[in-house]
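Only one structure is covered here, and it is reproduced in the block below.
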Amino acid sequence: MKSPRLVAYSPEVAAELGLSDQDCLSEDFCRVFAGNRLAAGMQPFAMCYGGHQFGHWAGQLGDGRAINLGEAVCPDGRRRTLQLKGAGRTPYSRSADGLAVLRSSIREFLCSEAMHHLGVPTTRALSVVLTGETVVRDMFYDGNPQLEPGAIVCRVAPSFTRFGNFQIFTARDDLDALKKIGGLHDSQRFSGIGRAGAADLSALVRGSLSLTAEMVVHWQRVGFVHGVMNTDNMSILGLTIDYGPYGWLENYDPDWTPNTTDAQGRRYRFGNQPKIAYWNLVQLANAIYPLVMRAESLQQALSVFSETFAAEWSATTAAKLGLSRFDPDKDEALVGDLLQLLQAAETDMTLFYRQLADLDPYAPAGSAADFVAMLERNSYAPLAAELRDRALAWFGQYCSRSRSEAGDPEARRQRMNAVNPKYVLRNYLAQLAIDQAEQGDFGLVAELLDVLRNPYSEQPGRERFARSVRIGPNSGRDVRCCLAVLDRAFTVFCSGYCTELPGWHTIVPFG
Ligand code: AMP
Ligand code: MG
């Protein structure tokens, strides 16, 4: 790469690898993580995998722009693989360039660190480096390619193995390779995945299944939409991997997907993620079948998915509402009604749960008026009389359900604030950081990284990063489609309403 320049690094990931701040700020670091130099012991390789894309077998894919530098044994004794994304062509690049642009690299860097601090299993990001090269991209997919700054993220994970790494060998009938890759993922190296030697590969499916279910529960908890849950983007360790057109729910909408190429079928919409995770696990089980040859044991492994998911999701939902446990008889309807209300009112999911913690459902009179005001304040649609009535009715039920538990208001608040983040990487925040970085100012990338390090803390003075974008007098409905697009039009459009961030953008009224 022509002239590498460090944009940002994650001090926590660096520390895990045994690298000091001084190391990360050195010229050598920049050279290594721009792919210009190998450090001692690094043995770069790219992996071959296949995958189901949008429900169809796509054949061989592979690390088309990811290059593994090798596996490090870290000071804590654990193994972590370092992987560059965007460092150039590999044997699996097909006709593409193997490169990545600054905007997608910043999005991956910020989001993977934000997810980690939210407690969501994820690959991590050590660094993002500008390469000094330009990359040709047709950002709007409209036949007008432009030059964009190139960048490289260094990702870090115990393993980058995907479901597709198993699928490709099954598709090729290469059972030896399949056995080998299964054997690499035993419990000695990866706690939680179960004993997955060739002797019992259904244990690998079981381990991967519970880790995947757990990951998706977290996604649903924080309002994260992956956007491209193809089997080549599913980690065998249940880590969120491959940050592409992902997005964060603003108004609660289970049908929303940030992926414009999936706008029609909406296969990867928010509300469909648990089902798709299961579908993908079935493909993993199919891939492993030739080695196991016992359909029942795989079937059994798969059959626990819906139970595992439902149990974890119920507990999570109860915690989000400040209840000490989930009582199916009472709470299924309570939660169902709430989600319908939030969808109809187009309520900002993050703000709603966070601010629900500030109301006291144990107070004798309840605070129904405060609840309606809070809902109204955080909704993108006007609260018509019918919705207002539904909101009042719901809050009444919620108060009596809360009072049925011997609850302590402070304990409740803390319980809620531990699962309902105040700060998430709102779509427009990432875009603002990208805009500045493209002008050579990395300040907002650094500040966002820092804010998102403590997503559950109040962080006085930084409230502006917790705000939603207030969109025009006609509410967000017409504008929301733009949230699906990772393009400049989106920033210009939305930042016009970003009145809460003075000085960053001029305000353009929505007409
Ligand atoms: P994705 O949809 O990002 O998971 O990518 C699907 C496949 O395309 C993967 O095998 C990627 O490695 C490959 N790919 C995506 N972008 C590029 C690129 N710029 N150069 C080479 N391969 C790429
Ligand atoms: Mg991918």
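Just so it is clear, none of the values below were taken in a lab; they were calculated from the coordinates. Since the model is a prediction, treat every value here as computed from it, not as a measurement. Methodologically, a virtual Cβ is constructed for each residue, glycine included, from the backbone with ideal geometry; neighbour enumeration extends over all protein chains shown.
Order of Met234, Met349 from fewest to most other C-beta atoms within 10 Å? List each step's numbers first, then the result.
Working: Met234 29, Met349 25.
With the fewest neighbours first, Met234, Met349 line up as Met349, Met234.
For the chain, what does the helix formula give at 222 nm: sum of -39500 (n - 2.57) over DSSP H segments with n ≥ 4, over the residue count, nearest 500 deg cm²/dmol?
Details: 19 runs with 217 residues, N = 511.
Taking each H run of at least 4 residues, the total per residue is -13000 deg cm²/dmol.
Give me the net charge for the shell around Gly366: Cβ to Cβ below 13 angstrom, other residues only, Lys and Arg +1, Asp and Glu -1. Spell out each step's value before the answer.
On the way: positive: Arg401, Arg403; negative: Asp360, Asp370.
That works out to 0.
Tell me, what HN-Hα J-couplings in whole Hz come from the Karplus equation 6.51 cos²θ - 1.76 cosθ + 1.60 at θ = phi - 60° for each residue of the range 381-396, using x for Gly and Pro?
With the stated coefficients, the range 381-396 comes to 9, x, 8, 5, 4, 4, 5, 4, 5, 4, 5, 4, 4, 4, 5, x Hz.
What does the charge count around Glu312 come to, taking other residues whose C-beta lies under 14 Å from its C-beta (Lys +1, Arg +1, Asp -1, Glu -1)?
Working: positive: Arg221, Lys320, Arg325; negative: Glu214, Glu307.
Counting the neighbours of Glu312, the net charge comes to +1.
For Gly227, what is the net charge nearby, where nearby means another residue's Cβ is under 13 Å from its Cβ and Lys, Arg count +1, Asp, Glu -1? Please report the intermediate quantities before stating the final value.
On the way: positive: Arg107, Arg266, Arg267, Arg269; negative: Glu108, Asp242, Asp262.
My count for the surroundings of Gly227 gives +1.
How would you rank 201-208, 448-455, highest first, on the average number of other Cβ atoms within 10 Å across their residues? Display every interim value, and only then the final one.
Working: 201-208: 26.0, 448-455: 19.6.
Sorting 201-208, 448-455 by mean packing, highest first, produces 201-208, 448-455.
Taking amide H atoms as placed 1.01 Å from N in the peptide plane, list the residues 5 or more away in sequence, or in a different chain, whose amide H sits under 5 Å from that of Val101.
Ala151
What is the fewest-to-most order of Met293, Met374 by other Cβ atoms lying within 10 Å of their Cβ?
Numbers: Met293 8, Met374 20.
Least to most surrounded, the residues fall as Met293, Met374.
Using only the Cα atoms of the chain, build the gyration tensor, take square roots of its eigenvalues as a ≥ b ≥ c, and label the shape rounded, prolate or oblate: rounded if a/c is under 1.5, else prolate if a/b is larger than b/c, else oblate. Kindly include the intermediate steps, with their values, before the conclusion.
Working: a/c = 1.76, a/b = 1.25, b/c = 1.41.
Oblate, since a/c reaches 1.5 and b/c is not below a/b.
Relative contact order of the chain: what whole-number percent is it, with Cα pairs under 8 angstrom and at least 6 residues apart? List each step's numbers first, then the result.
On the way: 950 pairs, mean separation 65.5, N = 511.
Contact order relative to length: 13 percent.
Hey, which aspartates and glutamates would be in cross-link range of Lys320, C-alpha to C-alpha under 13 Å, not counting anything within fewer than 8 residues on its own chain?
Candidates past the 8-residue exclusion: Glu312, Asp331, Asp358.
Residue by residue through the range 264-281, what is 3J(HN,Hα) from phi via Karplus (6.51 cos²θ - 1.76 cosθ + 1.60, θ = phi - 60°)? Round to whole Hz and write x for glycine and proline.
7, x, 6, 4, 9, 5, 3, x, 9, 4, x, 5, 5, 4, 5, 4, 5, 5
With a 10 Å Cβ neighbour count serving as the proxy for reagent exposure, in which order, fewest first, do His185, His56, His218 appear?
Details: His185 25, His56 9, His218 21.
So the ranking, lowest neighbour count to highest, is His56, His218, His185.
Each residue of the range 328-344 in order: what ³J(HN,Hα) in whole Hz does its phi give by Karplus 6.51 cos²θ - 1.76 cosθ + 1.60, θ = phi - 60°, with x for Gly and Pro?
Per residue, the Karplus-derived 3J(HN,Hα) values read x, 4, 9, 8, 4, 5, 4, 6, x, 4, 5, 5, 5, 5, 4, 5, 5 Hz.
Scan around Ala87 for amide H atoms under 5 Å from its own, H built in the peptide plane at 1.01 Å from N, and keep only partners 5 or more places away or cross-chain.
Ile67
Please state, rounded to one decimal and in Å, the Kirkwood hydrodynamic radius that the range 5-160 gives when every pair of distinct Cα atoms enters the mean of 1/r.
Values: mean 1/r = 0.0613 Å⁻¹.
Computed over Cα pairs of the range 5-160, the Kirkwood hydrodynamic radius comes out at 16.3 Å.
Given Thr317, Ala285, Leu239, which one lies farthest toward the positive end of the charge dipole of the range 164-319, if we put +1 on the Cβ of every Lys and Arg and -1 on the Cβ of every Asp and Glu?
It is Ala285, whose Cα lies furthest towards the positive end.
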